1. Under 1.5 on a/c is rounded, so check that first for region 1-45, then, if it is not, pick prolate when a/b is larger than b/c and oblate when it is not; a ≥ b ≥ c are the square roots of the alpha carbon gyration tensor eigenvalues.
2. Per residue of region 56-65, what does 6.51 cos²θ - 1.76 cosθ + 1.60 with θ = phi - 60° give for ³J(HN,Hα)? Whole Hz please, x for Gly and Pro, Karplus curve as stated.
3. Name the long-range amide H neighbours of A64: under 5 Å, sequence gap of 5 or more, or other chain; modelled H, no Pro or chain starts.
4. In whole Hz, with x marking every Gly and Pro, tabulate ³J(HN,Hα) for region 39-46 from phi via Karplus 6.51 cos²θ - 1.76 cosθ + 1.60, θ = phi - 60°.
5. Using each residue's phi in region 9-18, evaluate 6.51 cos²θ - 1.76 cosθ + 1.60 at θ = phi - 60° and report the 3J(HN,Hα) Karplus result to the nearest Hz, with x for Gly and Pro.
Amino acid sequence: MVSYNATTFKGADGHLRGVFAAARAITAQKQLEEQIRQQNRELTEATAFLNNVLESSTEYSIIAKDLDGNILAWNEGAKRDGDYAGLDKRLAMHYLLGHGRESRSRRTEVCPADDSYRV
């Protein structure tokens, strides 16, 4: 695949003096763009699937964390382990991790850098 660009230039008298033209191969660029679109579609589908699992699993407590231990989300089962409905998300997670049925023995820390909770 090739991309062509051209423009004309005129002299002070308004007469055509020449044409600047450029062509460049864009096959590799287009292939990479398609790969990125495909990866985005796959990530969107995977995210939707995992969100559906998280939302539909109510019998078990599920807590999603990133690799650094930051809490990203939790499901209804985790919410039902205690009375967290009136608390904001961060405070609820603190209580959930500190006092939840399955996590009583875990230690919860507040990270001073970003004031997030880690286990």
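Read-outs throughout are calculated quantities, based only on the coordinates presented, and are distinct from any laboratory measurement. Since the structure is predicted, the reported quantities are computational estimates derived from the model, not experimental observations.
1. Prolate.
2. Residue by residue, region 56-65 yields 8, 8, 10, 7, 10, 7, 10, 10, 9, 10 Hz.
3. L72, A73, W74
4. Residue by residue, region 39-46 yields 5, 5, 4, 5, 5, 5, 5, 5 Hz.
5. 9, 10, x, 4, 7, x, 7, 4, 10, x
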